[in-house]
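I have placed the structure first, in the form of structure tokens, so that the comments after it can refer back to it.
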Amino acid sequence: MTVRFGVLGAGRIGQVHARAIASVEGADLVAIAEPVDAAAKAAQASFGCELRTIDQIAASDDIDAVVICTPTDTHADLIEQFARAGKAVFCEKPVDLNVDRVKQALATVEAEGATLMVGFNRRFDPDFMAVKAAIDAGRIGAVEMVTITSRDPGAPPYDYIKVSGGIFRDMTIHDFDMARWLLGEEVETVTAQASVLTDPKIGELGDYDSVNVILRTASGKQCVITNSRRASYGYDQRIEVLGSAGSVSAENHREANIEIANDGGYTRPPLLNFFMTRYIAAYANEIAAFVAAVAEGAATPTTGLDGLRALELAEAALASARTGQAVRLN
């Protein structure tokens, strides 16, 4: 079965997903909806698809599934619209910035019997998948501690920061999902510290740019997450998992996996510059997993519930950072 796609939004992440669809066997990009004329025409030229409105895509018999890449405040409404239209839905994180609104959207999905996958692409990175496979195979024993380092080379534009929901909901949310996945248990307690160290304007906008979070499960497993909006050396993405019988880690990706030694010392190529290059394979694997779920009528590997749990952790981290107190989840 070929899954026929409509992509909603032709901005940066919309183009990433359109390229992923084009690279995946069994996926066909039929149409893109994009209100900005220049972006719409550029997407059409790049991917050879039709241009349609969102309502036209919802009513299209030649489209089986949609990928929602529109602004966050439209996600929940679009999930509900396309669930009712009988389309399978892939939605970029988060479903919404409000926990209750997320629950409403998930209730609609359940009532309609619709397929929903929330985009947590890092679970589909080949290196991180290998880390998880090593854990599941028992190669490091029982998981005890997880360390996740995620630092961006620079902050997003101020206009984006204003509507992003803040660093915990926008950036750390990926790491919250990874933490749940790697720990293998739900988080019970969240403790967070947050500062403005890279740009005072970010603080003026009510956000942070430098955060550390400690997660603890009921059994005592821990995860430490460190985020920064400034890494002058490139896109810093590392994971280490310590178990009772060993450890497993995934290191950064570089422009080339070489090291040069000469009279000037040891040098290595720079890190990849951002998520569009670092996670190319992850985005393709993610869409391939969604295609397989739709084609087989199976459950998606990342669900609306995963999106809800990650947002709940983000809310708890924000509360902890503001109060200086640990936050216990139900």
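Exactly one residue out of 261, 292 is aliphatic (A, V, I, L, M), at pLDDT 95 or above and farther than 30 Å from residue 113 by Cβ, and it is 261.
Can you find a residue in the stretch 30-46 that is under 26 Å from residue 311 (Cα atoms), surrounded by fewer than 23 Cβ atoms within 10 Å (Cβ to Cβ) and hydrophobic (A, V, I, L, M, F, W, C)? Checking the stretch 30-46: not a single residue is under 26 Å from residue 311 (Cα atoms), surrounded by fewer than 23 Cβ atoms within 10 Å (Cβ to Cβ) and hydrophobic (A, V, I, L, M, F, W, C).
Each row is one residue, and each column tells you yes or no for (1) closer than 29 Å to residue 166 by Cβ; (2) of a type in the set (Lys, Arg); (3) buried (at least 23 other Cβ atoms within 10 Å of the Cβ).
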residue	(1), (2), (3)
59	no, no, no
62	no, no, no
82	yes, no, yes
100	yes, no, no
103	yes, yes, no
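Restricted to the stretch 105-120, and to residues that are among the β-branched types (Val, Ile, Thr) and in contact (Cβ under 8 Å) with a residue 60 or more places away in the chain, which residue is surrounded by the most Cβ atoms within 10 Å (Cβ to Cβ)? Selected residue: 118.
Suppose the filter is farther than 22 Å from residue 15 by Cα, in contact with a helix residue (DSSP H, G or I) (Cβ under 6 Å, 6 or more places away or on another chain) and surrounded by 12 or more Cβ atoms within 10 Å (Cβ to Cβ); does residue 250 pass it? Judged against the criteria, residue 250 is a match. Being among the hydrophobic types (A, V, I, L, M, F, W, C), farther than 23 Å from residue 171 by Cα and outside the structural domain of residue 276 (by TED's automatic domain parsing) holds for only one residue in 59, 10, 20, and it is 59. Within the set 207, 159, the sole residue that is surrounded by fewer than 18 Cβ atoms within 10 Å (Cβ to Cβ), over 19 Å from the mean Cα position of the chain (by Cα) and either modelled with pLDDT of 95 or more or not in a loop (DSSP other than H, G, I, E, B) (or both) turns out to be 159.
Scan the stretch 119-130 and tell me whether some residue there is out of contact with any helix residue (DSSP H, G or I) (no Cβ under 7 Å at 6 or more places or on another chain) and closer than 25 Å to residue 220 by Cα. Scanning the stretch 119-130, I find at least one residue that is out of contact with any helix residue (DSSP H, G or I) (no Cβ under 7 Å at 6 or more places or on another chain) and closer than 25 Å to residue 220 by Cα, so the answer is yes.
Residue by residue, here is whether (1) among the charged types (D, E, K, R); (2) under 21 Å from residue 120 (Cα atoms); (3) over 24 Å from the mean Cα position of the chain (by Cα) holds:
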site: 1; (1), (2), (3): no, no, yes
site: 27; (1), (2), (3): no, yes, no
site: 55; (1), (2), (3): yes, no, yes
site: 59; (1), (2), (3): no, no, yes
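Of all residues in the stretch 1-60, exactly one satisfies the criterion of being closer than 23 Å to residue 298 by Cα and aromatic (Phe, Trp, Tyr), namely 5.
May I ask you to list the residues in the stretch 239-255 that are out of contact with any Leu (no Cβ under 8 Å at 6 or more places or on another chain) and not hydroxyl-bearing (Ser, Thr, Tyr)? Explain how you work it out, then say what you get.
Quick first cut of the stretch 239-255, residues out of contact with any Leu (no Cβ under 8 Å at 6 or more places or on another chain) only: 240, 242-251.
Across the stretch 239-255, the qualifying residues are 240, 242, 243, 245, 246, 248, 250, 251.
Inside the stretch 282-300, can you point out the residues that are over 18 Å from residue 29 (Cα atoms) and surrounded by 17 or more Cβ atoms within 10 Å (Cβ to Cβ)?
Residues of the stretch 282-300 that are over 18 Å from residue 29 (Cα atoms), as a first pass: 282, 296-300.
The answer is 282, 300.
Residue pairs whose Cβ atoms lie under 7 Å apart, sitting 6 or more positions apart in sequence or on different chains, and linking a residue in the stretch 74-95 that is touching a residue at least 60 places away in the same chain (Cβ under 8 Å) to a partner that is of a type in the set (S, T, N, Q), are 78/70; 88/115; 94/72.
Residues in the stretch 218-240 that are among the polar types (S, T, N, Q), more than 14 Å from residue 178 (Cα to Cα) and part of a strand (DSSP E or B): 228 only.
The values are calculated or read from the model by the stated rules, or taken from the named source; none is laboratory data. Everything numeric in this text was worked out from a predicted model, so none of it was measured. Ideal geometry is used to build each Cβ from the backbone, glycine not excepted, and the neighbour counts take in all protein chains shown.
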